[in-house]
Structure formats: structure tokens, C-alpha cells
Amino acid sequence: MLPALHARCAPHQGAEVEPRTITFDVEGHVATITLNRPESLNSFNDDMAAEMVWAWETVRETDDVHVVVLQANGERAFCTGADIKGGAKWFRKANVWNTFDPGVSLGPKFHHKVWKPVVVAVHGMCAGGGMYFVNEADIVVCSDDAEFFDAHANAGIVAALEPIGMLARGVPLGDALRWALMGTEERVTAATALRLGLVTEVVPRAELRPRVRAIADSIAARDPKAIQGTVRAIWESLDMTHSMALQNGIAYTNIGNDYSRPFTRVNRPPEYR
């Protein structure tokens, strides 16, 4: 089953076609999604949105996929948000009340319910809507040349959804506001992103993909049901009171842990960060 996953998808008017704006490959138990519009700084358009919907649904429904790596091709950018000139219109409707959050299509968690860990590799520019991918990631690693900023303010456009997602990740209020209000004139460096909690590790550019792959392989070797229960409990807790989150957590602990069998523990040499 897995070899066919990277071959074809069916996001375009129900017809099975080759993905045009992403690549999708599976090796072992790790699926790798690569944003592949480097000529447009990996900005997303309608095609990419449709293909990301297919990718997240495929990951969710394929039990042999345990972990996802999300990365991008090209030298300059991870993702620079919506390609307005190039046709990012799928979320905008003639009836404004039918317009929806682009993150519904692009992000793995809140709509697609992908509880498999998503490890994101950010290099170069990550701007505006590129934060949809970061905000719903489980682990984010960036290269030392990464820079985070938002161009909404420059164009006189309200920036709300991306900074709200940053707040949910624990970015301090003042820093989320500063990111949204300062436009392209101020950019968050990799070191600052680490300090703010946007990323958990910074590595040299040449080491980014190998490092992210090593993290994914390590997690993929563990019990996938236990991992998914952990991820789901933690993400769902963000919308709950503390006491409700604990009750939800103990329910998942009882559902996901089979106490009738001995637990097999696998220990590997530790790494320190």
C-alpha cells in the first residue's frame, strides 16, 4: 500500500492526478510532505490547498504512517503565505459569511484531526500564512538563516488568525503583536524564534533536513497508538480548563494503555539539548 502513496493523489475536481505543488513520499513509517513552489517562495494557492487537504487526509487514514515531516524546496523560503496574485481564492466566498479560515485546509490538527506527530523544518523566510504550518506543528526545527515576519500590515490587511495561533503556541502577547504590527521591516531571527518558543531547535542549514528526519525516525519507532493518544490529549487541552483537560487526559490514558500486558520499554542513548 505505501509505495503508491507518493505516486498519485485526487485533489483536483475528483480526477486522479500527480500533485503539482507538493511532493509526498513515504519511507519506513515517515511521510514527507514537501512544499514545491520555490519559484513563488512556496506561497500557497488553490492547488496547494487542495493537495494539502489530500495529504493530511491520507496521513490520517494510513495506519502505516506514524510521523510526518513537513519541509519546503528552494533556497529562499519555507513559505510566504497566500499567493494572492497567483490564485489563492479557495477560502474567499462571494457571501462573506461563507468565507473561512485558510488554516482549515492547510493545518493538520484542528480540522483534519491528524494526531500523528508533525515535525516541521523551516528555512529561509516564513512569512504571514506560512505560520499556519508552524502553528499546528508538534515540533519545529529551523535553520540558522530562518526569519519570521508578516506582511499583512504593509498591505493594509488585518492579521488575526496567524498571531492567534502563535499565542496558542505560547508566544508572549507582546511578541505576537509586534510580529503582526511591524510588517516586513522587522524580522524575527532564528535565535529570537528559539527564545520565544516558536521553534525548539536551531541548526545550520546543511543539517536541517537530516536533523528533522532523525527526530521523526526516533518517534516513528515508538508505539503509534500511544504517541497519537499523547498528541491528541495535549492539543485538545488547549481549548479546555485545566481540570477538564486532566479528566480528558486520564480518559485517554485508560483508553490507550493496555494494563493487561507487560509494558516493553526501549531505551536508547540519550541526547541533550
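The values are calculated or read from the model by the stated rules, or taken from the named source; none is laboratory data. For clarity, every value in this text was computed on a predicted model and none was experimentally measured. Quick reminder, even Gly has a Cβ in these numbers, built from the backbone with ideal geometry, and neighbours come from all protein chains shown. Note: areas computed on protein heavy atoms with side chains; ligands, DNA, RNA excluded. Shrake-Rupley method; radii C 1.70, N 1.55, O 1.52, S 1.80 Å.
For a paramagnetic label modelled at 7 Å from the Cα of ASP223 toward its Cβ, which residues of the range 236-273 fall within the zone defined by backbone nitrogen distances under 12 Å? The answer is 253-266, whose backbone nitrogens lie closer than 12 Å to the label point.
Where does helix 46-61 land angle-wise versus the long Cα axis of the chain, in degrees 0 to 90, nearest 10? Relative to the chain, helix 46-61 is tipped by roughly 10 degrees.
Within 10 Å, count the other beta carbons around each residue, average over each peptide in 256-266, 70-80, 43-53, 192-202, and list them highest first. Present the calculation step by step, with values, prior to reporting the outcome.
Numbers: 256-266: 8.5, 70-80: 21.3, 43-53: 23.2, 192-202: 18.3.
Descending mean neighbour count gives 43-53, 70-80, 192-202, 256-266.
If you average the C-alpha positions of the range 124-154 and of the range 189-218 separately, how far apart do those two centres end up, in angstrom? With the range 124-154 and the range 189-218 each reduced to a Cα centre, they are spaced 12 Å. The orientation-averaged shadow of the Cα convex hull for the range 122-188, equal to a quarter of the hull surface, comes to 4.1 nm². Note on GLU61 and ALA155: the extension gain reaches 29.9 nm, defined as 0.36 nm multiplied by sequence separation minus the Cα-Cα distance. The stretch between THR264 and ARG20 holds 83.5 nm of extra length on full extension. This uses 0.36 nm per residue minus the Cα-Cα distance. Here is the P(r) of the chain: all C-alpha pair distances, binned every 5 Å from 0, give 1, 6, 12, 16, 19, 18, 14, 9, 5, 2, 1, 0 in whole percents. Shape call for the range 199-267 from the C-alpha gyration tensor, a ≥ b ≥ c root eigenvalues: rounded (a/c under 1.5), prolate (a/b greater than b/c) or oblate? Taking the square roots of the gyration eigenvalues as a ≥ b ≥ c, the range 199-267 is oblate. Remark: the chain carries 52 Å² of accessible area per residue (probe radius 1.4 Å; ligands, DNA and RNA excluded). Over the chain, dividing the summed -39,500 (n - 2.57) contributions of all DSSP H runs of at least 4 residues by the number of residues returns a 222 nm mean residue ellipticity of -10000 deg cm²/dmol.
Annotation: lysines with alpha-carbon distance below 22 angstrom to LYS225 (same-chain offsets under eight excluded): LYS109, LYS113, LYS116.
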